[in-house]
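Trainee: Can you read through this structure? Questions will come right after.
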Amino acid sequence: MNDRFGRRMAILIADFLFFIGAVVMASAPNPALLIVGRVFVGLGVGMASMTSPLYISEASPAKIRGALVSTNGFLITGGQFLSYLINLAFTNAPGTWRWMLGIAGLPALLQFILMLLLPESPRWLFRKGREEEAKVILRKIYPADDVEKEIQDLKESVEAEIREEGSAKINMMKLLKTKTVRRGLIAGVGLQVFQQFVGINTVMYYSPTIVQLAGFASNKTALLLSLVTAGLNALGSIVSIYFIDRTGRKKLLLISLFGVAISLGLLAGVFHETTSHSPMVSRIQTSHFSNYTCPDYSSATNPGAWDCMKCLKASSPDCGFCASPTDKLLPGACLLSNDTVKDLCHDESRLWYTRGCPSKYGWLALVGLALYIIFFSPGMGTAPWIVNSEIYPLRFRGVCGGIAATANWISNLIVAQSFLSLTEAIGTSWT
């Protein structure tokens, strides 16, 4: 669609799909229709995530191109933070989730209307032989002193690409046989895959869970702390806007990856300490809730060796840890995990754990998470999209950008689907 109908039309179609999807989800009478709405929204998000940075990069002056594409990243992360707040506001409204999903249609509708007022990408117009239209747009973008040079440069660039490529249609074999395109794809797809494989969307999707795994028992606390994660992600995008055109893409990526590795090392160490030094299970504390003792603990040959982590790993049925009333780090009770037992534990002013165990290092996990976001967001968060909007020859830019965006979302799916399974299989610190 980007190559055939233009960048502007692709964004308009994405907005339309997203709006329809939001309306369908909000009004869905059953799960099947909810999933249909998700499909529309997914198509819209996928198209917009690839087309927006491409359109911005082609319709902006070269000296601020990186900053403007970074601004797109900031508005995405800022939007995520805002959506957390909006959803928090809707938690007490009747039909909570319908409001949460339906309200997303308003920005799509607004952008659709505003996109009708914007021009097409001048590079795409030049490519399609619509030079006069492109020149009118370029005269609005560039100062009078620079515009003629830009028009000439763009014209020569497009003509050179047309001469080099001939009239053959684009296909995968042609992409892979063209050396410059093949090398660009390796770099572009590689950056998008690694952006996801360093785990950003695990942190964004599961930050409340990660906070609980670090030893914070309260769901509300976990949700509020996840707001910090979203806020820092938005803040990091502002840093990217400032540095991306000053330091260059590669240097910012290297600094970002170095910081991410250090932060993940800190998180792994904290989780190792949390799991290997969790509070013991006390027979006396457990017998206090005699009717609700965890069955696996009751039938264990050596219950004296049980600690909180062993209690939480019991799975037939699931069990939880009710901390000591005097100090959460002292031995507590291993009990069945259900709402009744949770309420009984809370009634005695105790903390109830089902994901992670009490730890004195929980605050360090928050520091690790914060550092991870601070390092990730300015570099790995925005640079892969900027690089993919710049490195391909014009004729291949739409299709190569689409391939890279697809690689990003497939990697996202793999990471998101495997995270909880991995934490159960190999533990939180190794994950």
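A short reminder: the numbers here are calculations on the coordinates, not readings from a lab. Note that the structure is a prediction, hence the values are computed from the model and not measured. Cβ placement follows ideal geometry from the backbone for every residue including glycine, while neighbour counts extend to all protein chains displayed.
Trainee: Place the peptides 249-260, 108-119 in order of packing, highest mean first, counting for every residue the other Cβ atoms within 10 Å and averaging per peptide.
Mentor: Details: 249-260: 17.2, 108-119: 13.6.
Most protected by this proxy first, the peptides run 249-260, 108-119.
Trainee: Within the chain, which cysteines find no other Cys whose Cβ is under 4.7 angstrom from their own?
Mentor: Cys400 - these cysteines have no disulfide-compatible partner (Cβ-Cβ under 4.7 Å) in the chain.
Trainee: Same structure, new question: Charges only on Cβ, +1 for Lys and Arg, -1 for Asp and Glu: so what's the dipole of the chain about the Cα centre, in debye to the nearest 20?
Mentor: With only Lys, Arg, Asp and Glu charged at Cβ, the dipole is about 880 debye.
Trainee: Grab the DSSP H runs of the chain that are 4 residues or longer, score each as -39,500 (n - 2.57), total them, divide by all residues and round the 222 nm result to the nearest 500 deg cm²/dmol.
Mentor: Here the helix-only value at 222 nm equals -23500 deg cm²/dmol.
Trainee: While we're here: Under the rule a/c < 1.5 gives rounded, and otherwise a/b versus b/c splits prolate from oblate, where does region 89-187 land using the Cα gyration tensor?
Mentor: Oblate is the answer for region 89-187, as a/c is 1.5 or above yet b/c matches or exceeds a/b.
Trainee: Taking Cα pairs under 8 Å and at least six residues apart, what relative contact order does the chain come out at, in percent?
Mentor: Values: 624 pairs, mean separation 95.7, N = 431.
Result for the chain is 22 percent.
Trainee: Suppose we keep just the alpha-carbon trace of region 328-386; what are its Rg and Dmax in angstrom?
Mentor: Computed over the Cα atoms of region 328-386, radius of gyration and Dmax are 18.4, 54 Å.
Trainee: For region 412-422, what does the Karplus curve 6.51 cos²θ - 1.76 cosθ + 1.60, with θ = phi - 60°, yield as ³J(HN,Hα) per residue in whole Hz, taken in order and with x for Gly and Pro?
Mentor: Per residue, the Karplus-derived 3J(HN,Hα) values read 4, 4, 4, 5, 5, 6, 9, 4, 5, 5, 5 Hz.
Trainee: If you don't mind, another one. Need the list of lysines near Lys149 for cross-linking: C-alpha distance under 24 angstrom, and skip anything on the same chain fewer than eight residues off.
Mentor: By straight Cα distance, Lys149 reaches Lys63, Lys128, Lys135, Lys140.
Trainee: Here is a further query. Based on the Cα coordinates of the chain, what is the per residue volume of their convex hull in Å³?
Mentor: Roughly 165 Å³ of hull volume per residue.
Trainee: Run down the lysines and flag those whose C-alpha is under 30 Å from the C-alpha of Lys313, throwing out any fewer than 8 positions away in its chain.
Mentor: Correct list for Lys313: Lys220, Lys328, Lys342, Lys360.
Trainee: I'd like to know which of Gly304, Ala314, Ser287 lies farthest towards the positive end of the charge dipole of region 279-353, counting +1 on Cβ of Lys and Arg and -1 on Cβ of Asp and Glu.
Mentor: Most positive-ward Cα: Gly304.
Trainee: May I pose another question? Tilt of helix 105-115 relative to the longest C-alpha principal axis of the chain, in degrees (0 to 90, nearest 10)?
Mentor: 20 degrees
Trainee: Run the numbers for Met173 and Ile414: contour at 0.36 nm per residue of separation, minus the present Cα-Cα distance, in nm.
Mentor: Result for the pair: 84.1 nm of gain on full extension.
Trainee: Now, a different point. Helix 200-213 versus the longest principal axis of the chain: what is the Cα-based angle in degrees, 0 to 90, to the nearest 10?
Mentor: 10 degrees
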